[in-house]
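The next block holds one structure in the form of structure tokens; read it before the comments.
The values are calculated or read from the model by the stated rules, or taken from the named source; none is laboratory data. Quick caveat, the model's predicted, so the values are computed rather than measured. For neighbour counting, all protein chains shown are included, and Cβ atoms are generated from backbone atoms with ideal geometry for every residue, glycine included.
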Amino acid sequence: MNKSDRAIGVFDSGVGGLTVLRALRARLPDELFVYLGDTARLPYGTKSRESIERYALQAASLLIKQEVKCLVVACNTASAMALDVLRRELAPLPVIGVVEPGAEAGCRASRSGRIAVIATDSTVRGGAYEAAISRQCATAQVTARACPLFVALAEEGLIAGPIVEAIAHRYLDDIFAIPEAQRPDTLVLGCTHFPVLIDPLRKVVGDQVVIVDSALTAAVALEQELARTGLRRAAVPSKAAWLRLLATDGRERFARVGGIFLGATLSAEDVELVDLGV
């Protein structure tokens, strides 16, 4: 098999990264993908840097055994905390994260330079988005807020209704329910679980705020990397064979909730259980 015909590896702590996979598939319909959700150990966002680095390397190791041609870290926490380690350990394998593309899109969308980022505890604690946005736009004013309950809601498939809206108000009112002259005009979704919550988030932040999903810009970054390295696939795969889904726990739950993220009906039989050898 030519190297360009190999699959692209994508991993996340759970099903949230399927929002990224969905964008990758839309942008690169000729490519094959292997997706790994480390559902046995989610969420990554409450773990230490050392644990996240270890988990990310274990996930990457399994995908490399599938002979992937590049790796997409479809998890903001792993991108924020482990991307440098992955790139160093896996070189020359191309490794794409989602933080830099999300920061770039946020800077491009903001008119005022006031940008809010919502993410997991670890991503916020590490300051990854503030640093990435500052590299893109030195004068930007960034407000980062950890929203850990959003991950739990999304993983349960609870993506709309009064409970979700109440939690969103609790997290965001002090950022957005303020005079317009002080309010961020852009909200970056700094976790791949959050795009499925976009409707209740829109109700809370208002119609004037641009909501940025890093999945779309990550897809562009991947497309550019495949072109740069000559790894773009030429042949169109059959519809039945473009994706393999791997999980470390809970096939039924992965299929039930994952279908919401991927925008496609999944069954437990579509998901392979794997052991990361922990």
_Of residues in the range 1-30 being in a helix (DSSP H, G or I) and surrounded by 24 or more Cβ atoms within 10 Å (Cβ to Cβ), the one modelled with the lowest pLDDT_ = T19
*Could you say which residue among A74, A91, A78 is in contact with a Leu (Cβ under 7 Å, 6 or more places away or on another chain), not assigned by TED's automatic domain parsing to the domain that holds D121 and not hydroxyl-bearing (S, T, Y)?*
A74
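Could you check the range 57-74 and list, in sequence order, the residues that are of a type in the set (D, E, K, R) and outside any helix (DSSP H, G or I)?
First, pick out the residues of the range 57-74 that are of a type in the set (D, E, K, R): 65, 67, 69.
Selection gives E67, K69.
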*Odd one out for L231 among (1) out of contact with any strand residue (DSSP E or B) (no Cβ under 7 Å at 6 or more places or on another chain); (2) in contact (Cβ under 8 Å) with a residue 24 or more places away in the chain; (3) buried (at least 17 other Cβ atoms within 10 Å of the Cβ); (4) assigned to a loop (DSSP other than H, G, I, E, B)*: (1)
*Would you call P184 at negative phi and assigned to a loop (DSSP other than H, G, I, E, B)?*
yes
*Residues of the range 120-142 satisfying the condition of being of a type in the set (V, I, T) and closer than 16 Å to E104 by Cα*: I133, T139, V142
_Failed item in (1) aliphatic (A, V, I, L, M); (2) surrounded by 21 or more Cβ atoms within 10 Å (Cβ to Cβ); (3) within 24 Å of E272 (Cβ to Cβ), with L93 passing the rest_ = (2)
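Restricting to the range 209-235, what's the tally of residues that are of a type in the set (S, T, N, Q) and modelled with pLDDT of 95 or more? Full working, then the answer.
Initially, the range 209-235 is screened for residues of a type in the set (S, T, N, Q), giving 214, 217, 224, 229.
Right, trim to modelled with pLDDT of 95 or more and you get 224, 229.
Within the range 209-235, residues that are of a type in the set (S, T, N, Q) and modelled with pLDDT of 95 or more number 2.
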